[in-house]
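This report concerns only the one structure given below.
The values are calculated or read from the model by the stated rules, or taken from the named source; none is laboratory data. Source: prediction; values computed, not measured. Methodologically, a virtual Cβ is constructed for each residue, glycine included, from the backbone with ideal geometry; neighbour enumeration extends over all protein chains shown.
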Amino acid sequence: MSRSNDSCACCRVDPVHPAELAAVVAAVGALFGSAELLRRRGVSTHTTRRYTHATGGMIAAVLPAVLSLGEYVGLALVVAAVLAWTRARGLLASVHGVERPTLGATLFPLGLAIAAILSWSHPAAYGLGVMTFALADPAAATVGERIGSPRWTVWRGTKSIAGSLTFVGVALVLGLVASLWAPLGLLGIGAVALTLGAIEGLFGFGLDNLVLPPIAVLAWRAVGAD
């Protein structure tokens with residue numbers, strides 16, 4: 001009897017959350033719809049792209065509270081497929097309409113899915129890691145464009161000292177805020193911020209959107225976020 005119960009327990013699957021999933025899909029749709037509206041009203045594509053990156057990442061950061069891992073990964077794959085299709089069709093210019101070559105928008109949901117798989121049972125590390133990249137990356141891009149500083153070439157792109165320092169600064173601030181409730185020390189926060197800033201400075205073509213989210217969640221988990 002006991003063995004039968006154990007076998008049934010192993011066969012259990014995560015419950016389905018149709019209402020929550022529908023709400024998340026609606027939120028993502030509203031995000032892209034609002035970005036298109038902003039662009040048509042004269043907001044630059046760089047701005048709308050960074051708006052969707054930051055807001056989409058913040059939405060993703062709280063999804064462990066409402067979705068199962070399977071639902072999350074499935075949704076991420078669907079969003080990535082839709083973004084790949086709209087890019088190929090020349091649609092969704094608020095996200096894809098930049099002059100530089102990049103796959104960042106399509107890769108971002110995949111990076112988030114990998115991060116979720118690696119840290120689903122550690123929601124604090126997951127949330128902090130995703131928020132770090134969601135906010136630090138567009139901030140770094142904005143500052144790197146507006147402030148002249150030494151630049152270097154990466155594959156199919158460039159990076160700047162100003163942008164990398166901004167990325168590190170945002171990561172530091174988020175780590176310090178998180179330390180108010182998580183057991184994060186100053187040395188650990190600094191190490192994570194510098195590591196993520198250095199890695200971000202290695203990738204062009206939007207590849208950091210795939211690589212950084214999982215590294216960020218693992219890094220925060222390593223220094224005490226759980």
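Within the range 129-142, residues that are closer than 13 Å to Lys159 by Cα reach no partner that is of a type in the set (D, E, K, R) and not in a helix (DSSP H, G or I) with beta carbons closer than 6 Å at six or more positions or on different chains. For the range 130-148, the tally of residues that are surrounded by 13 or more Cβ atoms within 10 Å (Cβ to Cβ) and over 21 Å from Ala60 (Cβ atoms) stands at 3. Quick check: is even one residue across the range 135-143 at pLDDT 95 or above, under 23 Å from Trp220 (Cβ atoms) and of a type in the set (Ser, Thr, Tyr)? Looking through the range 135-143, none of the residues is at pLDDT 95 or above, under 23 Å from Trp220 (Cβ atoms) and of a type in the set (Ser, Thr, Tyr).
Scanning the range 42-55 for any residue that is modelled with pLDDT of 95 or more and farther than 26 Å from Val170 by Cβ turns up at least one such residue. The C-beta contact set for the range 80-97 (first residue in contact (Cβ under 8 Å) with a residue 40 or more places away in the chain and buried (at least 20 other Cβ atoms within 10 Å of the Cβ), second residue in a helix (DSSP H, G or I) and acidic (Asp, Glu), distance under 8 angstrom, 6+ apart or interchain) comprises Leu92/Glu36; Ser94/Glu36.
The combined condition, being over 19 Å from the mean Cα position of the chain (by Cα) and within 21 Å of Pro214 (Cα to Cα), is not fulfilled by Leu172.
In this structure, is Leu180 surrounded by 13 or more Cβ atoms within 10 Å (Cβ to Cβ) and either in contact (Cβ under 8 Å) with a residue 24 or more places away in the chain or on the phi < 0 side of the Ramachandran plot (or both)? Reasoning before the result, please.
On the way: surrounded by 13 or more Cβ atoms within 10 Å (Cβ to Cβ): no; either in contact (Cβ under 8 Å) with a residue 24 or more places away in the chain or on the phi < 0 side of the Ramachandran plot (or both): yes.
For Leu180, the condition - surrounded by 13 or more Cβ atoms within 10 Å (Cβ to Cβ) and either in contact (Cβ under 8 Å) with a residue 24 or more places away in the chain or on the phi < 0 side of the Ramachandran plot (or both) - is not met.
Here Val173 meets the list (1) more than 23 Å from Ala60 (Cβ to Cβ); (2) surrounded by fewer than 17 Cβ atoms within 10 Å (Cβ to Cβ) almost entirely, failing just condition (1).
Okay, residues lined up against (1) within 25 Å of Thr48 (Cα to Cα); (2) in contact with a helix residue (DSSP H, G or I) (Cβ under 6 Å, 6 or more places away or on another chain); (3) among the β-branched types (Val, Ile, Thr):
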residue	(1), (2), (3)
Ala141	yes, no, no
Glu145	yes, no, no
Val154	yes, no, yes
Leu174	yes, yes, no
Arg221	no, yes, no
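Every residue, every condition in (1) over 17 Å from Gly111 (Cβ atoms); (2) surrounded by fewer than 19 Cβ atoms within 10 Å (Cβ to Cβ), yes or no:
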site: Thr48; (1), (2): yes, no
site: Tyr51; (1), (2): yes, no
site: Ile59; (1), (2): no, yes
site: Pro64; (1), (2): no, no
site: Leu69; (1), (2): no, yes
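Just one of the numbered conditions (1) assigned to a helix (DSSP H, G or I); (2) without any contact (Cβ under 8 Å) to a residue 60 or more places away in the chain; (3) under 15 Å from Ala115 (Cβ atoms); (4) not acidic (Asp, Glu) is not true of Val25: (3).
Report yes if some residue within the range 211-222 is more than 20 Å from Ala60 (Cβ to Cβ) and modelled with pLDDT of 95 or more; otherwise report no.
Yes, that holds for at least one residue.
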